């Protein structure tokens, strides 16, 4: 093995090729393809993304959510509705496409905001340490002990002109704290390294050291956290929609579809209403987590098998 | 007499020890406790001591990356322990550092070009082409191939990486370089290589070094003046001859006796000498250190030679020294 490694490295030197240290993309690809479960999960994610985002291109949002009581509660495969219809006569497949897309988009939106805010806060907190760190971490502690779900429900009900975008902001308001904590830990371990001192003696500003020197060294952690955060944020959105405090009723979501299971009658006799959305949520969450674990192995050499 | 470039006056770096219910400061770790050093232009000043003696902390304080508890570091008549003064002077353009661990001192995600160019970008206004020429020139000086600029630190051997560290340190034509055990992580042949590069650069650009090391052999090769440090304080300072030929303090003697000597015929003799010194060190602690185990203030012996001993002990030691001659 080591011999093989040496060969490749000398080849690289001969070719004068530039290779990134432990080239992250290659390592990630290798980890995903080596693990059959991760590979399946990866394919499932791609399939769901194609199904929801691709499908929604051919659908008209208003038409999908149009009520037509005459068609209500068709079962599996009746009258050309593959997965039947809901109480308003809306086609479940189309709702699934639109709802899945909305849920994933909101999960991604929340993740984007949380990661950016969490990263900046974590960088500042971990890099400066001392009083700044203490103050920021106490604020984070405070937000983390708040009962997030009830506050979100209250905010959803009191906000005027409520829209999917407001939901994204409301979830993000409480979501960034975990990310900040996570990144702070990595920055803490990086900031004492000699290359940071070397940058200081080279006259780089703190800002530059944080974003140009330290940040590239934790990129693999960022990728991992982003992937896993998307799954959990889709979960938060569907939970809120499930109890009717999520997306407005005019916007389909996985949560509202699963919400049909609130009615015992639906649970027993109309499984087509809630089962597809549940399966889809389960599939995407599990898949993202499996891919995330493969990424984690790629990011941390100690977790790798070879 | 050469002009002095930097003066360290009564430098102290203390770290608080917190304990108890309120997490209050109960004591201090005196990493550096009253160190005075003067370094002249273009000279190599050796700073020697065991691990944990505070020599690296002193070096870091001089470069300005370690907050100082008290004391002054005078450069160009300004106290650079204050960050405001450092910024005003562009201090780190003139004072740079070479680190012990070359792997961790080079950012693994940056190419050699960006690593060496970092101080140039911060302190000098060069166009991209001029900057690249300068980096090439620096790589030439430390004897690295020119295609290195596109590579990453992990693609080099330890000696090559340390030479990259040297190239970065000299990039802005500094007046003083603090070399913090620059060769202790390298094997002997590579050590010599790096040291020769450092000497070569010194002669070419008249750079002063503060050479921090625990290896007396290396320091003998490099420096004219040196200081021995123990428990955060200086135990002996002097010229190379003073320290190597007339060591006064037991700690210095102990360090010197620890240098391995290839001398088969006198092996038993050398061993006996080593054991004598060790015996003296173990038995007469009170003679060399005060009640708290701290090192005494320095007393002048002759010209440049100072040793940390009480007055009466110093006289006795001098008599003993004379008797021997």
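We did not get these values from a lab; they are worked out from the coordinates using the rules stated. Predicted model only: the values in this text are computed from it and were never measured. For neighbour counting, all protein chains shown are included, and Cβ atoms are generated from backbone atoms with ideal geometry for every residue, glycine included.
Neighbouring Cβ atoms within 10 Å as the yardstick, rank B:221, B:76 fewest first. Mind showing how you got there, number by number?
On the way: B:221 16, B:76 12.
So the residues, fewest neighbours to most, are B:76, B:221.
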In degrees between 0 and 90, to the nearest 10, how far off the longest principal axis of chain B does helix B:311-324 point, with axes built from Cα atoms?
90 degrees
Can you compute the modelled spin-label distance between residue B:24 and residue B:173, with each label point 7 Å from Cα toward Cβ, in nm?
5.5 nm
Distance from a point 7 Å along Cα→Cβ of residue A:87 to each backbone N in segment A:34-68: keep the residues under 14 Å and list them by number.
A:67-68
Label-point separation (nm) for residue B:281 and residue A:250, each offset 7 Å from Cα along Cα-to-Cβ?
8.4 nm
Peptide B:106-115: average number of partner chain Cβ atoms within 10 Å per residue?
5
If you line up the long axis of helix B:112-123 against the longest principal axis of chain B, both from Cα atoms, how many degrees apart are they, to the nearest 10?
80 degrees
Per q in 0.24 Å⁻¹, report the Debye log10 I(q)/I(0) for segment B:20-104, using one uniform scatterer on each alpha carbon and no solvent.
-1.39
Packing rank of A:132-144, A:181-193, where each peptide gets the mean count of other beta carbons within 10 Å, highest leading:
A:181-193, A:132-144
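Could you grab the relative contact order for chain B? Cα pairs under 8 Å, six or more apart, rounded to a whole percent.
Numbers: 571 pairs, mean separation 62.3, N = 325.
Once normalised by length, the contact order is 19 percent.
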Running a GNM on chain B with Cα contacts under 10 Å, which residue among B:99, B:281, B:211 ends up with the highest mean-square fluctuation?
B:281
Here the residues of segment A:242-259 lying in the modelled label zone of residue A:268, meaning backbone nitrogen under 20 Å from a point 7 Å along Cα-to-Cβ, are A:259
Ranking B:81, A:201, A:40 by Cβ neighbours within 10 Å, fewest first, what do you get?
A:40, B:81, A:201
Where the centre of each part is set by its Cα atoms, how far does segment B:207-240 sit from segment A:111-144, in angstrom?
43 Å
Once you average over the residues of A:82-93, how many Cβ atoms of partner chains fall within 10 Å of each Cβ?
0
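Taking only C-alpha pairs under 8 Å that are 6+ residues apart, what is the relative contact order of segment B:1-103 in percent? The partial results should precede the final answer.
Numbers: 154 pairs, mean separation 30.1, N = 103.
Averaging sequence separation for qualifying contacts and normalising by length gives 29 percent for segment B:1-103.
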Between residue B:258 and residue A:116, what is the spin-label point distance in nm, taking each point 7 Å from the Cα along the Cα→C-beta axis?
5.5 nm
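Tell me, what is the FRET efficiency for residue A:146 and residue B:10 to the nearest 0.05, using R0 = 60 angstrom and their Cβ-Cβ distance as r? Could the numbers behind the result be given before it?
On the way: r = 51 Å, r/R0 = 0.85.
So the FRET efficiency works out to roughly 0.70.
Going highest first, how would you order A:211-219, B:104-112 by mean Cβ packing within 10 Å? Provide the component values of the computation, followed by the final result.
Working: A:211-219: 17.8, B:104-112: 21.1.
Averaged packing, sorted descending, gives the order B:104-112, A:211-219.
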Tell me what chain A gives for mean residue ellipticity at 222 nm when only DSSP H runs of n ≥ 4 count, each as -39,500 (n - 2.57), the sum divided by the residue total, rounded to 500 deg cm²/dmol.
-22500 deg cm²/dmol
Between 0 and 90 degrees, rounded to the nearest ten: what's the tilt of helix A:148-158 against the longest Cα principal axis of chain A?
50 degrees
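Averaged over its residues, how many other protein chain Cβ atoms are within 10 Å of peptide A:200-213's Cβ atoms?
Details: counts 6, 18, 17, 14, 5, 1, 0, 0, 3, 1, 0, 0, 5, 4.
Whole-number average of other-chain Cβ neighbours for A:200-213 is 5.
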Gain in span if fully extended, residue A:157 to residue A:279, counting 0.36 nm per residue against the direct Cα distance:
41.0 nm
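Rounded, prolate or oblate: which one fits segment B:3-67, using the alpha carbon gyration tensor with axes a ≥ b ≥ c (rounded when a/c is under 1.5, else prolate when a/b beats b/c, else oblate)? Walk me through the numbers on the way to the answer.
Details: a/c = 3.34, a/b = 2.56, b/c = 1.31.
Here segment B:3-67 falls in the prolate category.
When only Cα pairs under 8 Å and 6 or more residues apart are kept, what is the percent relative contact order across segment A:39-120?
Working: 77 pairs, mean separation 20.4, N = 82.
That works out to 25 percent.
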Can you give me the pair-distance distribution of chain A, C-alpha pairs, 20 Å bins, whole percents?
27, 49, 21, 3
Where in segment A:170-190 is the amide nitrogen less than 13 Å from a point lying 7 Å along the Cα-to-Cβ axis of residue A:132?
A:188
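Sort B:43, B:224 so that the residue with the fewest other Cβ atoms within 10 Å of its own Cβ comes first and the one with the most comes last. Let's see the in-between values first.
Working: B:43 21, B:224 14.
Starting with the residue having the fewest Cβ neighbours, the order is B:224, B:43.
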